[in-house]
Structures are given as structure tokens and as C-alpha cells.
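One structure below.
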Amino acid sequence: MTAYAGLPTGTGRNAGKWRTSANGSASGADPTTETTPDTRTSPTTEMLRTSEMLQTPVPFETGTPEETPAVSVPPRRSDCIADSAGGLTFDLVDCGTAGGADGSWDAALVLRGRGANSTLDEVRLPLVPAGDGRLRAVLPSTMALPEGRWDAYAEVGGSASAATPGEPDRLLPGILDLRSLVDRRPDTDRPSVAVRIPYATKHDNLSIRSWLRTPHAEAGELRLSDGVMTVQGRLFGASAGTGALAEARSRRHPSVVRTVPASVEDTVRDGATGHHFAFTLAFKELVEAWQGGREPWDLWLRPAPDEEPVRVARILDDVPDKKHIFTYPVQPLTCSEHGTAEAGPYYTADNDLAVRVAPAGESGDDEPN
């Protein structure tokens, strides 16, 4: 597995604590301390390992489109196994024969888009008997699932459990096996990256977080020291070239862009061969362009001067929502026009990498993404 040391933990019993890095460097909230996320021991993975590798992960949905709460009806639960290629297998438990009164068979697992995907056609997967009173549906990695959040339902012929006749049942999560997602290393020459992560929502329902990126820049190691951030990662679906740039774009003022040189090379790093990138961004560059208030800056990678920029994000693991899980200390800086500011990286609600600049003491998260 890739050894990323020093994952900062954001909430719960480990709030404010830091792990000691693999090289023995300091672990603490000191803003000059180098900090690096550890994909080997993400919160979801720790829970899986603690209870024999198979437990339902906690819900992480703050700042995301709202789902419709489940109505009080006899629940249906579905176990779900994720494979490293991006496929999902759903097993509905305690379904009995599940056939219609006339002996006919009509059952489907229904995925309905939420938020921006709510206008899309729903995705229907056939449910077939799998023995022991189970019904099984498979979402293969070769089947496209548009990026977004998808709520899972079961539509079973002859079912009397639906809150509204003719409507499918909202599914609850059973055992979610995400072990194959912990250390995914797809071929960097593949044209796109598809990721599907099943998770429990805040209403304790089953949903799927889907990403489909073409191309994709996967953020890996982040290092913070003395107002500077160094980012390393892997590039998918784009070629390495000379003259690569990293771009920081102001979300409030899209015409304001700051660039720094980046390297994109075909190398072996952490045991993986492929297109690896790296760049170093001084927060001072953003603070000097800061126009007051809370201002997020989105990070992009331009592999070569004639290539389109690629959004930098972190999606190749088992954590569906990193915003409040992977947290980093802010760095204090002085702006010649607006006074003292704080700057630091964070992951958005879409797991994209960004930097927030805010007045000193006001860097709390109030951004919707």
C-alpha cells in the first residue's frame, strides 16, 4: 500500500490529533509541521478492520444535496461489495421468494439521481435470486453512471412494503465491503477514471457516490511548511509533457488565476508506474490577490501548454466525503491591503482539492462546496 503518513483527523474521538509520520517527523497542529494524508488508515477503513473488515461506514454528507428521508415502512437492507475495477454487487437480504402472486418474476434495483442528477433517467438493474432468500443486482464497471449522488431503491413485484403503491422501497445499508477501494491504482494510460462508493446517508439510507473523470488528476501526498504547499499525485488520461503548470483559480473572481510550474513525468513512485505530477504553491501568491472575505481557490493541473487543464481531486479510495475528514492546519500570512489572513487546503463536497483564504480567525468552513 502507498505509505502516506500523518493523516489529520477532523472529527470524533481523534479531533485535533495527528499521527506520527513514517519518517518520525512531528505530529501536531503546528502549522509548520509537514502533514500527509494516509490512505491506508482512512476512517472508513479503520472501522472495517476493527470489526472483521465488514461494517457499515458512518455517513458523511454535510453540504451535499438533500435526500428524501425514508418513510416508516418495513425496511429492506442491501449488502454491497465494491470491486477494484469500479463495479458494485448488491445483495438484498430477507426477501423470501419475492415473486408475484401469480408466480411471475419482476424485480429491479433502482438508482435515482439526486440534486443535479435528479432530471436524469433512473438506472434500473435486474434483481435475480441468489439463494438463501437473497436477491442480487450487479452494476458492472463497464456501465456508465453519471457523476453525482444516487439513492438506492428496490422494486419487487408483489411487495406490500412500499409506502406508496407502485413506488419502490428506499434501501437501507447492510454490510458494505469497501476493502478493494482502499489502495486503487488504475493504469494511468486509461482514458477515464470511474469511481462508485456506496455509503450510509445521514438518514441511514443506502446511496452511491459516483465520479466519472476524463481526464483526472488524483491528489496524493500533501506537505505543508512555512506557508507553502507541495502536492504530488497521478495523472490519468493525459500525456506527460514539458511546460506543465498548476493553476489556482479564484471561485469568486474566475478571471483571477495564479500559476506555478509543475512537473509531469513517467516515473515509478511508491511502487506504481505511470504519469506522476508535482507542484509547489506558496499561499502568499493567493493572499496578495485576495480581495477580502472567505475566498476559495480551485486547483487545476495543465499537463502541457497546449493541453486542457485537469481538476485536481482525490477519489481513488474508500472515503465518499473527505471535506470534514481530511482537515489541515491553516497558515497565517499578511496581506498588504487587507491585513492578516489564514490560508490552507481542503477538499470540497465533490472531493476536489482547493485552498481557502480568509481573514485571521475566520477560516471556519461556511462554503457550500
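Numbers below:
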item	result
Extension gain from Asp121 to Thr334, taking 0.36 nm per residue of separation minus the Cα-Cα distance	71.7 nm
Cα→Cβ-extended label distance, 7 Å offset, between Asp83 and Ser192, nm	1.9 nm
Virtual spin-label span in nm between Val93 and Met143, 7 Å along Cα→Cβ	2.3 nm
Length-normalised contact order for segment 134-238 - Cα pairs under 8 Å, 6+ apart - percent	26 percent
Projected label distance in nm at Asp106 and Thr214, using a 7 Å step from Cα toward the beta-carbon	3.5 nm
Mean separation of Cα contacts under 8 Å, 6 or more apart, over the residue count of segment 177-287: relative contact order %	22 percent
Extension reserve of the Ala130-Glu265 stretch, reckoned as 0.36 nm per residue once the Cα distance is removed	43.9 nm
Percent RCO, i.e. relative contact order, over segment 223-337, from Cα pairs under 8 Å lying at least 6 residues apart	30 percent
FRET efficiency estimate (nearest 0.05) - Cβ-Cβ, Arg294 to Arg185, R0 35 angstrom	0.45
Rounded percent of accessible protein surface that carbon and sulfur make up, segment 198-294, 1.4 Å probe	48 percent
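The values are calculated or read from the model by the stated rules, or taken from the named source; none is laboratory data. Since the structure is predicted, the reported quantities are computational estimates derived from the model, not experimental observations. Using ideal geometry, Cβ is built from the backbone for each residue, glycine included, and neighbour counts are taken over all protein chains shown. Each accessible area value is taken on the protein alone, full model and side chains, heavy atoms only, with ligands, DNA and RNA left out. Shrake-Rupley method; radii C 1.70, N 1.55, O 1.52, S 1.80 Å.
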